[in-house]
Amino acid sequence: MTDTLTMQVYFELDAVWTDVTSDVISDARLDAVWGMSTNKPLDNLADIGQLSFTLKNNTGKYIPGGSAAVSGWDKGTKVKVVFTFLELTYVKFYGYVDKIRIDAGTQGERKVHVTCVDWLDHAAKYPLRNPAIEENKRADEALTTIVDAMPIQPLARDFDIGTNTFPLVFNSTTQKTRAYSEFAKLSASESGVIYM
């Protein structure tokens, strides 16, 4: 048994999880943030998770649409980062490619800088578009209504049964209200947390 921590980066390319760890530049930073940013009472909704890393691109395989590009690679490609320690494996980040920045030039090592975000980014962008006002609902029921209506579903979800029953939910939403802001309101009202 080894006590060495290892990390693998996978892209879902053409519906197959492909290990691309050998293309991640190991001396560059792999930055990742997710979860609650503070432990203050009103910080009970996770921030949008973000992962950034740099890939080797000498052959042009990470230029979307390029002649040498890896099939299935583009913005929106699913990404996961897996850590293994003491022979146990944990998926520590699951999201999708949000931004791709390609270094220009033909000299030296060519690179692609990748930024990924998790599912909460969808919630921050998705407008609820005036859902019907509902009566006598718990927070878990309102969260289920919101998530069920979203075009992209999270990988998994598990809501505890809410403590409070709210006389009205969705009574203050507008055409522009985002799912994430409604999550914030529900988690503050219920004194619960919402995270990935």
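The values are calculated or read from the model by the stated rules, or taken from the named source; none is laboratory data. Given the structure is predicted, the values throughout are model-derived calculations rather than measurements. Glycine gets a Cβ as well: all are built from the backbone with ideal geometry, and neighbour counts include every protein chain shown. When the accessible area is computed, the model is the full protein with side chains, heavy atoms only, and any ligands, DNA or RNA have been set aside. Shrake-Rupley method; radii C 1.70, N 1.55, O 1.52, S 1.80 Å.
Which members of the stretch 89-121 meet the condition of being in a helix (DSSP H, G or I) and within 17 Å of K75 (Cβ to Cβ)? I'd like the intermediate steps shown before the answer.
Keep residues of the stretch 89-121 that are in a helix (DSSP H, G or I), which gives 120-121.
Answer for the stretch 89-121, where residues must be in a helix (DSSP H, G or I) and within 17 Å of K75 (Cβ to Cβ): just D121.
Which one is surrounded by the most Cβ atoms within 10 Å (Cβ to Cβ) among residues in the stretch 84-95 that are of a type outside the set (G, A, S) and under 14 Å from F53 (Cβ atoms)?
Restricting to residues being of a type outside the set (G, A, S) and under 14 Å from F53 (Cβ atoms), the top hit is F93.
Within the bounds of the stretch 119-127, is there any residue that is within 29 Å of D23 (Cβ to Cβ) and open to solvent by 60 Å² or more (accessible area, probe 1.4 Å)?
Yes - at least one qualifying residue is present in the stretch 119-127.
Can you pull out the residues in the stretch 149-163 that are of a type outside the set (S, T, N, Q) and either open to solvent by less than 80 Å² (accessible area, probe 1.4 Å) or over 18 Å from E190 (Cβ atoms) (or both)?
Within the stretch 149-163, A149, M150, P151, I152, P154, L155, A156, F159, G162 meet the criteria.
Just to verify a result, which residue in the stretch 1-24, among those that are of a type outside the set (V, I, T), within 20 Å of V114 (Cα to Cα) and touching a Leu at 6+ places or on another chain (Cβ under 8 Å), is surrounded by the most Cβ atoms within 10 Å (Cβ to Cβ)?
D23
Scan the stretch 160-172 and report the pairs whose first residue is modelled with pLDDT of 90 or more and hydroxyl-bearing (S, T, Y) and whose second residue is open to solvent by 90 Å² or more (accessible area, probe 1.4 Å) and assigned to a strand (DSSP E or B), with Cβ atoms within less than 9 Å and a gap of 6+ or a chain change.
That search, which allows pairs on different chains as well, returns T165/N136.
Within the stretch 129-139, track down each residue that is under 25 Å from the mean Cα position of the chain (by Cα) and surrounded by 14 or more Cβ atoms within 10 Å (Cβ to Cβ).
P131, A139
Find the residue count for the stretch 78-105, including only residues that are without any contact (Cβ under 8 Å) to a residue 12 or more places away in the chain, out of contact with any strand residue (DSSP E or B) (no Cβ under 7 Å at 6 or more places or on another chain) and of a type outside the set (A, V, I, L, M, F, W, C).
Residues meeting the conditions: 1.
Among the residues of the stretch 140-148, are any touching a Ser or Thr at 6+ places or on another chain (Cβ under 7 Å), among the charged types (D, E, K, R) and open to solvent by less than 90 Å² (accessible area, probe 1.4 Å)?
No, because not a single residue in the stretch 140-148 is touching a Ser or Thr at 6+ places or on another chain (Cβ under 7 Å), among the charged types (D, E, K, R) and open to solvent by less than 90 Å² (accessible area, probe 1.4 Å).
When Y195 is evaluated against the numbered criteria (1) within 16 Å of the chain's Cα centre (by Cα); (2) modelled with pLDDT of 90 or more, which criterion, by number, is the only one it fails?
Only one criterion in (1) within 16 Å of the chain's Cα centre (by Cα); (2) modelled with pLDDT of 90 or more is unmet by Y195, namely (2).
Going by what's in this entry, would A124 be described as among the hydrophobic types (A, V, I, L, M, F, W, C) and part of a helix (DSSP H, G or I)?
It is true that A124 is among the hydrophobic types (A, V, I, L, M, F, W, C) and part of a helix (DSSP H, G or I).
Residues to consider are D43, D27, D74; find the one that is open to solvent by 80 Å² or more (accessible area, probe 1.4 Å), of a type in the set (D, E) and not in a strand (DSSP E or B).
D27 is the lone residue from the list that is open to solvent by 80 Å² or more (accessible area, probe 1.4 Å), of a type in the set (D, E) and not in a strand (DSSP E or B).
Please enumerate the residues belonging to the stretch 178-196 that are surrounded by fewer than 18 Cβ atoms within 10 Å (Cβ to Cβ), part of a loop (DSSP other than H, G, I, E, B) and not hydrophobic (A, V, I, L, M, F, W, C).
S191, Y195
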